[in-house]
Every structure is written in C-alpha cells, then in structure tokens.
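The values are calculated or read from the model by the stated rules, or taken from the named source; none is laboratory data. Note that the coordinates shown come from a computational prediction; the quantities given were computed from them, not determined experimentally. Cβ sites come from the backbone with ideal geometry, for glycine too, and all protein chains shown count toward neighbours. Protein only, heavy atoms only, side chains kept; ligands, DNA and RNA dropped before computing areas. Shrake-Rupley method; radii C 1.70, N 1.55, O 1.52, S 1.80 Å.
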Amino acid sequence: MSSERPSVELCKGIYGLDKVVLREIRGTSAEVYLYGGQVTSWKNDHGEELLFLSSKAVFKPPKAIRGGIPICFPQFGSHGTLEQHGFARNKLWSIDTDPPPFPTNSSSKAFIDLILKSSDEDFKLWPHSYEFRLRVALGPGGDLMLTSRIRNTNTDGKPFTFTFAYHTYFLVSDISEVRVEGLETLDYLDNLRERERFTEQGDAITFEGEVDKVYVSTPTKIAILDHEKKRTFVLRKDGLPDAVVWNPWDRKAKAIPDLGDDDYKHMLCVEAAAVEKPITLKPGEEWRGRQELSAVPSSYCSGQLDPQKVLHGS
Ligand code: TA6
C-alpha cells in the first residue's frame with residue numbers, strides 16, 4: 001500500500017510490545033520493536049517481506065526475538081564474560097526525542113531514533129556508563145539504514161571495550177540456491193572450529209551445510225544473491241570491518257527452540273560486525289557503525305564484487 005507521504009507510527013505489536021512502523025511513499029515499510037531496538041520487518045514496494053522472522057519467535061522479554069536485525073552489544077557471540085551476544089537485544093529501548101544532530105546526507109523522512117542507556121542491572125555485569133543511540137531509517141527508494149552511535153559516559157575516567165554486530169536475518173527462498181559475493185579469498189575465523197583462522201577459497205560462497213564464520217577486514221559492500229527470487233540484497237557497511245555469515249543447517253536448527261525445523265532453508269544471516277578487533281572508547285568518545293541494505297533485481301551485480309579487485313583495484 002503506497003502512502004502520500006512518509007510516516008512514522010507508534011503502535012502495539014505482538015505481546016503488547018511497542019513497535020514503530022516506518023512507511024515510505026512507494027509503499028516500502030519497516031517495523032522496529034522498542035524491545036531490543038530490533039527491526040523485525042522490512043518490506044519492498046510490492047509488500048514482500050525481505051527479512052526472516054521465525055514463526056516460533058518469542059516476543060516475551062527477556063528472550064531475544066529470533067529474526068529481523070538483533071543488535072549484538074556490548075559482546076558479539078560467547079567470547080567474553082557476558083551472555084551470548086550481550087544484553088542490548090533484550091533490553092527495552094526508548095524513543096530518543098531529542099537526538100544530537102545527525103550528520104547525514106540522506107533525504108529519508110521515515111526514521112526513528114532510539115536510545116539505550118546503562119542501567120543499574122547492566123552495571124553489575126558490565127560496570128560502564130554508556131549511551132547507545134540507534135537511528136533506523138527507510139530511504140525514499142526503500143533502502144533500510146541502521147546507524148549506531150555509542151558514547152562512553154563513564155565518570156570514573158575508565159575506557160570501555162566492546163564488540164558489535166547487526167545480526168541480520170535475510171529471508172531467502174532456498175538456501176541451497178543462494179550465493180554471497182564480496183567475501184571470497186578473505187580470511188575468516190571459523191566458529192565451528194574454535195575460531196581458528198582460515199582463508200576462503202574459490203568463487204562466491206554457496207551453502208551445503210552449517211556455516212558460522214567471521215570474515216575479517218572485508219570490503220564495505222557484500223551481495224547476497226537469491227537465485228530463485230532473482231533478487232539481490234546489497235549490504236553496505238561503515239565502521240564495521242568484519243562480516244559474520246551464519247546458517248545453522250538442519251541439525252542445529254532442530255536444537256534451537258525458537259526456530260522451526262525447516263526454517264534454516266529460508267534464512268541467511270550476514271552481519272556487519274566488529275569482532276576481531278574490539279572497539280575501545282575513552283570517556284567522552286563516540287563510535288559510529290552503519291549498515292545499509294537494499295534489495296535489487298539480481299542481474300545488477302553478479303560477479304562484480306571480487307574483494308581483491310575492490311580492495312586493490314586490480
Ligand atoms: O552470528 C552467528 C552466531 O553467533 C552463531 O554462533 C549462532 O549461535 C547465532 O549467532 C545465533 O545466536 P543466538 O544467541 O541468537 O541463538
């Protein structure tokens with residue numbers, strides 16, 4: 001459904017949780033839950049969903065919502081002292097009514113600013129004071145842009161260190177028919193082999209089994225080609241050197257309670273991230289990390305994202 005002007009609407013979602021619906025004039029839309037600061041839906045101008053959301057997703061705090069774009073902060077994965085993927089994804093965020101100026105050249109009018117601040121509860125686990133501002137914006141052409149600004153507000157003079165990811169679940173028609181371009185020949189840490197470092201071989205990445213890899217220092221543009229749908233997702237990132245690729249495949253999917261047994265066929269996580277080299281902020285310093293997604297017809301970019309060419313221009 002196309003509307004005359006971009007709109008931003010606050011309403012109730014599943015389990016009575018607050019959500020914000022962003023709509024652009026051509027009919028594209030996105031939904032963001034205040035719980036987790038989590039995007040759960042992104043639709044194109046035909047009203048087709050572009051993000052995977054598990055049919056078994058639990059919208060009941062403190063469980064994180066399975067699908068969309070969970071925010072992993074201040075810890076990606078299980079390497080650290082915190083719970084898996086940190087606590088930001090299971091906190092109630094607020095709408096930031098007066099965010100500091102946002103230096104962006106985007107003409108987006110459909111956006112929402114959210115904020116998460118340190119609480120006494122988090123302080124026990126992670127003794128730091130921070131302000132995490134998240135802007136979710138829908139561009140006039142339907143692009144989905146997430147920008148995070150994290151500031152160290154410690155008053156004790158102490159720096160803090162974190163890792164981060166936009167844990168994006170793309171909706172795909174059949175994982176066996178999907179390829180990822182832009183990561184071939186790069187180094188990765190394999191989560192299935194105790195984070196040992198390997199170098200990706202060959203052509204574009206395809207999927208025949210479980211994958212859980214952190215590609216390090218990647219180019220800023222990655223493409224996910226859905227052959228059956230003739231659709232290509234283009235992920236652009238800034239401030240986030242790494243890219244995580246995850247699909248649990250059949251056996252692991254069965255062990256995840258909030259994921260359907262066959263759901264792995266229709267999802268692929270490709271995540272703009274900062275994992276290998278954690279980010280350190282001194283008091284008063286701010287970090288910024290951005291992920292921008294677009295969905296275009298597949299003929300657009302197949303074969304054009306060889307990382308060696310992008311990185312070295314050869
Ligand atoms: O991003 C990949 C990953 O870290 C995997 O190791 C896998 O466990 C996945 O995230 C999902 O984690 P979750 O805590 O949401 O079940």
Q) List the pairs whose first member sits in region 223-251 and is open to solvent by 20 Å² or more (accessible area, probe 1.4 Å), whose second member is within 13 Å of the ligand (Cβ to nearest atom) and part of a loop (DSSP other than H, G, I, E, B), and whose Cβ atoms are under 8 Å apart, counting only residues at least 6 apart or on separate chains? A) Trp249/Glu210; Arg251/Glu210
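Against the condition assigned to a strand (DSSP E or B), more than 11 Å from the ligand (Cβ to nearest atom), closer than 18 Å to Phe170 by Cα and among the hydrophobic types (A, V, I, L, M, F, W, C), how does Phe198 come out, does it pass?
Details: assigned to a strand (DSSP E or B): yes; more than 11 Å from the ligand (Cβ to nearest atom): yes; closer than 18 Å to Phe170 by Cα: no; among the hydrophobic types (A, V, I, L, M, F, W, C): yes.
Judged against the criteria, Phe198 is not a match.
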Q | Residues (within 16 Å of the ligand (Cβ to nearest atom), out of contact with any helix residue (DSSP H, G or I) (no Cβ under 7 Å at 6 or more places or on another chain) and over 27 Å from Arg290 (Cβ atoms)) located in region 201-256 | A | Arg251, Lys252, Lys254, Ala255, Ile256
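Regarding Glu48, is this residue of a type in the set (Asp, Glu), more than 20 Å from Lys91 (Cα to Cα) and open to solvent by less than 40 Å² (accessible area, probe 1.4 Å)?
It is false that Glu48 is of a type in the set (Asp, Glu), more than 20 Å from Lys91 (Cα to Cα) and open to solvent by less than 40 Å² (accessible area, probe 1.4 Å).
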Q) For region 11-34, how many residues meet the condition of being open to solvent by 40 Å² or more (accessible area, probe 1.4 Å) and either without any contact (Cβ under 8 Å) to a residue 24 or more places away in the chain or under 21 Å from Pro70 (Cβ atoms) (or both)? A) 6
(Q) When the residues of region 62-71 are narrowed to those that are away from the ligand (no atom under 11 Å from the Cβ) and modelled with pLDDT of 95 or more, which ends up farthest from Thr147 (Cα to Cα)? (A) Gly68
Q: Among the residues of region 72-130, write down those that are away from the ligand (no atom under 16 Å from the Cβ), under 16 Å from Gly37 (Cβ atoms) and among the polar types (S, T, N, Q).
A: Ser94, Thr97, Ser118, Ser119
Q | Count of region 23-40 residues which are touching a Gly at 6+ places or on another chain (Cβ under 8 Å) and β-branched (Val, Ile, Thr) | A | 3
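Specify the residue that is surrounded by the most Cβ atoms within 10 Å (Cβ to Cβ); the eligible residues are those in region 261-275 that are away from the ligand (no atom under 14 Å from the Cβ) and touching a residue at least 24 places away in the same chain (Cβ under 8 Å).
Lys265
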**Q.** Verdict on Leu240 being in contact with a strand residue (DSSP E or B) (Cβ under 8 Å, 6 or more places away or on another chain) and in a loop (DSSP other than H, G, I, E, B)
**A.** yes
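Kindly provide the set of residues from region 190-222 that are of a type in the set (A, V, I, L, M), within 22 Å of Lys252 (Cβ to Cβ) and surrounded by 20 or more Cβ atoms within 10 Å (Cβ to Cβ), ordered by number.
Result: Ile205, Val211, Val214.
Here is a yes/no grid of residues against (1) in contact with a Lys or Arg (Cβ under 6 Å, 6 or more places away or on another chain); (2) surrounded by fewer than 22 Cβ atoms within 10 Å (Cβ to Cβ):
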| position | (1), (2) |
| --- | --- |
| Val8 | no, yes |
| Val39 | no, no |
| Trp42 | no, no |
| Ala57 | yes, yes |
| Gly67 | no, no |
| His79 | no, yes |
| Ala88 | no, no |
| Trp93 | no, no |
**Q.** Criterion violated by Leu53 - all others in (1) open to solvent by 50 Å² or more (accessible area, probe 1.4 Å); (2) more than 30 Å from Ile25 (Cα to Cα); (3) within 16 Å of the ligand (Cβ to nearest atom) satisfied
**A.** (2)
Q. With (1) under 30 Å from Ala223 (Cβ atoms); (2) modelled with pLDDT of 95 or more; (3) open to solvent by 30 Å² or more (accessible area, probe 1.4 Å) as the list, and Glu131 as the residue in question, which single condition is left unmet?
A. (1)
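Yes or no: Asp187 of a type outside the set (A, V, I, L, M, F, W, C) and more than 22 Å from Val275 (Cβ to Cβ)?
no
Just to verify a result, which residue in region 147-189, among those that are acidic (Asp, Glu) and in a loop (DSSP other than H, G, I, E, B), is most open to solvent (accessible area, probe 1.4 Å)?
Filtering first and then ranking leaves Asp156.
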